[in-house]
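Single-structure report; data block below.
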Amino acid sequence: MISKFRNMLFDRRIDVQDRLFMLLAMIAILGMIAAFVVGLAEGENLEGSLTTLLSILIAAVLVYVGYRHKKIRLTANIVAFVIVFVLSPTVFFTSGGIYGGAPIWLVFDLLYIGMILRGRIRIILLICEAAMVSAFYYIEYHYPDTVIPHTTDEFYSDSLASLIIVALIMTVLMIFQVYVYTRENEISIAQKEEIDALNKAQNRFFSSMSHEIRTPINTIIGLNEMILREEVSDEVAEDAINIQAASKMLLSLINDILDMSKIQSGQMQLTNAPYHPVDMISDAVSMMQVKAKEKRLEFNAFISPELPSELIGDEVRLKQVLINVLNNAIKYTKQGYVMLSVQCEKTVGGVASVIYSVTDTGIGIKKESIPYLFTAFKRVDEEKNRYIEGTGLGLSIVKQLVDLMGGRVTVNSVYTKGSTFIIEVPQQVSDATPVGSIEMLKRQSIDRSVLYHQSFEAPEARILAVDDTPANLMVVTKLLRETQAEIDTAGSGAEALEKTLQRKYHVILMDHMMPEMDGIECMRGIRNQTGGLSKEAKFIVLTANAGSEEKALYEKEGFDGYLLKPVSGDSLENEVHRLLPPELVTVKSKEENTLRESASWVQSRHKKANVIITVPSVADIPGELWDGHNIRMIPLKIETENGTFRDGIDVDAGAILSYMEEKGRKAKIKGLETNELETFFAEQLQYANNIIHLTASGKVADNGFFASEEAARTFDNVTVFDTAHISTGLGIMALEADEMAADGRSPEEIIHRLESMRKEVHTRFIVESMDHLLISGQMNNRMVASITRAFMIHPMIEMKRGRMKVTGVYVGTREHTWKRYIARVLRNPDRIDKRRLYVTHVGLAKKDIDWIMSEVEKRISFDEVYVTQASPAISVNVGPGTFGLLYKENGSD
């Protein structure tokens, strides 16, 4: 039994608090036995001794049952209840009260509750115990006869024994707890060291695997490029292009595995350097074109003319991000298209915000799957996508690389309709010259002349290539053949040292990982070689070791250049050209249109806006203002006995009012469904990176706010904003938001401005009668509607904190009430922005409009006045004869 108890105490599988309880329970039982013995020896009263004995028995039974049935947590809670509500009061009132050992045991009770229990029950019992202790002291003070007293001798002996026992218990508990936490800390440190060792071993394995796979791929890509340089048939050339694309895709997968290992171990670092974004994009797209063609997908791309021609960043990682996202789009698209859009929205302090947007018409992503989209080794909708190849690493790496760059990735997707991935990355601008317009149609045939252009000739240059793999030496020799340089090869470091004793070389291409003598040792040997002829040679490390830390190592060791296998002919020529003495080089002219030809995949297409504003059709914006703005509208629906019609498209306000004038005819606004809004947002995101959707007040009937919010959850880039207004009040806010978007303001800036505009815009209408408000559900008091009609009462409806309220009533003829309404609305001319006034009406004749305008002119002269017929949806709600004067407060810009 003792052995089992000891094993249980040190069993790490058992919760620490459960082990503490068992230890505490055993010590407490022993302590109470000791107290019982001392009490008997000192002649303690019978009631106190029996209480102690009863406590021992109850504790022993509970601990045994809990341990036997593995209900230690429940037992601990039961013991706590017994202590608080049974033992504490019993011991206190039968063992001398404050003049005994009870106060010391009360401290022990609080310690037990605090250390052993958890959650709400601990807090509740601590409060109860504190309240009980306070009550004990109060009762003994005011009613001392309720306590069985101790003699002086009993008081001293009881309190001393209790003090020693509780102190010993607490000491043992502290020692055990310190031991447990120390042991756990040691185990954690050991596990961390083991994990670090495993991570290092894993990184070494992946690095080794990357090195070993890159070597044969280098041969495949290099020799394949030589085929493309030759005059071969189009069929052979097309096969070669496919081989090249497939090899690069294989290389991309290897990079993903290696990079995930580095990211997880926290070793991923970025290497920022100047690069040409169009070249980087062209390289990524050329790889993806082949895959898109295999699936018969349309592949389009757009590069903004404002994109700077040279940026500073990690070109390799950016290309990897782009390849992964494009590959993902093609992989999950069965038919339709994949489109890439590249934009540069604004430049602040020499930093450009470059936005890569990839849109597809693929299977889309379920709303519930989007949170797991960037989880490593996890593929969403596994059952449906089980036949699609992939590692589940691509998007996880994209997210983590973009985070490292200080950017962000957002996803907009409608299930079964398609997805848009938007990658926004800040990049330093090296050359702000815009790339200009690049608009060409895709070539109908293969033009191999753009794949390779000889950059220089150097017949007097001498180059030494050092590599332990003959195939790599063959590739380098063939790729540099057109330069006419003299190229020698060495299969080992020792052979290279022999050759440098006999001949002077201008550039030495050096492999790193070689047996016996590696590339770094060989380079040092050549530079320090007694009698060597190549001490001044430039060294280029040509290695399969990928990664920024490896590149930093080579720079530290003194290499003059760095090339990663597999190496392309262009990059090899460029690096050799850079390091050769200028007097040995004859530059061959390149065709000026090489860039344009290599970017033949670029399509002429609209530029995506950064932000567009969308509104429901109840935003009564004057027709002449629509043309000058980029606001997108989604129509509401109007239900009638003759069918359902789209607001402002299938039916206009005049038609719907004529229909409702017929006796008994009703029309009702039908709110938009969530799926309709999702489709609308998805369509608009083809033209913008962000959407701000303005809705009518969420506190009026059929507002569309909640359905819009639900639809927006499908997208990362859609923000729904409750304007707290209706009709042209909503339109005024939409117009200003659109002007801010056109001015390049961010979504956050626009939302901040809209929040302040809620109070600045004034939306007030005078209503002919309240019948239509009653029918549409905007009000529900039929008696009020009847009274206003009978007594020619015309209410003024105003938007107050998003609610439609009656803030005034006018009695009398139409002309009389209208005049009073206009006077009230325009009574503070100093506060009104006089640049624009909006007059929105329902079914008024021209003579009525002219009369209203003349009354307005008598009071305030506005720069511009826009008169607009309210939308059918608004007209249904307020009825004919309604009009409003709407404006902003002065000084609101």
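The values are calculated or read from the model by the stated rules, or taken from the named source; none is laboratory data. None of the values given here were measured: they were computed from a predicted structure. Quick reminder, even Gly has a Cβ in these numbers, built from the backbone with ideal geometry, and neighbours come from all protein chains shown. Surface accessibility is based on the protein's heavy atoms, side chains included, excluding ligands, DNA and RNA. Shrake-Rupley method; radii C 1.70, N 1.55, O 1.52, S 1.80 Å.
Can you put Ile169, Ile104 in order of accessible area, largest first, using a 1.4 Å probe? Could you put the intermediate results ahead of the total?
Numbers: Ile169 5, Ile104 35 Å².
Correct descending sequence by accessible area is Ile104, Ile169.
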Next on the checklist: Between Asp234 and Ala197, what is 0.36 nm times their sequence separation minus the Cα-Cα distance? Round to one decimal in nm.
Outcome noted: 8.1 nm
Next on the checklist: Give me the one-decimal nm value for the distance between modelled label points at Lys478 and Asn675, 7 Å along each residue's Cα-to-Cβ direction.
Outcome noted: 5.6 nm
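Heavy atoms only, 1.4 Å probe, whole protein assembly: order Phe136, Phe85 by accessible area, highest first. If you can, show how the numbers build up before the last one.
Working: Phe136 10, Phe85 95 Å².
From most exposed to least exposed: Phe85, Phe136.
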Checklist outcome for this item: Ala130 and Lys699 label points (each 7 Å along its Cα→Cβ direction) are spaced in nm at 4.1 nm
Item to check | GluC sites (Glu not before Pro) restricted to the stretch 611-657 and DSSP loop, no more than 15 other C-beta within 10 Å | outcome: Glu641
Next on the checklist: Quick check: Cα centre of the stretch 699-713 to Cα centre of the stretch 627-694, how many Å?
Outcome noted: 14 Å
Item to check | Within straight-line cross-link reach of Lys556, lysines at Cα separation under 17 Å, skipping those fewer than 8 residues along the same chain | outcome: Lys538
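Full-extension gain between Val86 and Lys366, please, as 0.36 nm times their residue separation minus the C-alpha to C-alpha distance. Before the final figure, lay out each step's value.
Numbers: separation 280, 0.36 × 280 = 100.80 nm, distance 5.69 nm.
Contour length minus the Cα-Cα distance gives 95.1 nm.
Determine the order of Phe645, Phe108 by accessible area, beginning with the largest, at a probe radius of 1.4 Å. Don't skip to the answer; put the middle values down first.
On the way: Phe645 65, Phe108 10 Å².
Largest accessible area first, the list is Phe645, Phe108.
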Next on the checklist: Just to be sure I understand the model, the point goes 7 Å from the Cα along the line to the Cβ. What's the resulting Met174 to Asp848 distance in nm?
Outcome noted: 8.8 nm
Checklist entry - Quick one: which of Lys504/Lys551; Lys399/Lys551; Lys70/Lys192 span more than 29 angstrom between C-alpha atoms? => result Lys70/Lys192
Checklist entry - Which whole-angstrom value gives the distance between the alpha carbon centres of the stretch 826-856 and the stretch 859-893? => result 7 Å
Next on the checklist: Between the stretch 116-187 and the stretch 457-498, how far is it from one alpha carbon centroid to the other, in angstrom?
Outcome noted: 85 Å
Checklist outcome for this item: A chain fully extended from Arg527 to Met226 at 0.36 nm per residue, minus the present Cα-Cα distance, gains in nm 105.0 nm
Checklist entry - Within straight cross-link reach of Lys847, meaning Cα distance under 18 Å, which aspartates and glutamates are found once same-chain residues fewer than 8 apart are removed? => result Glu768, Glu815, Glu855, Glu857
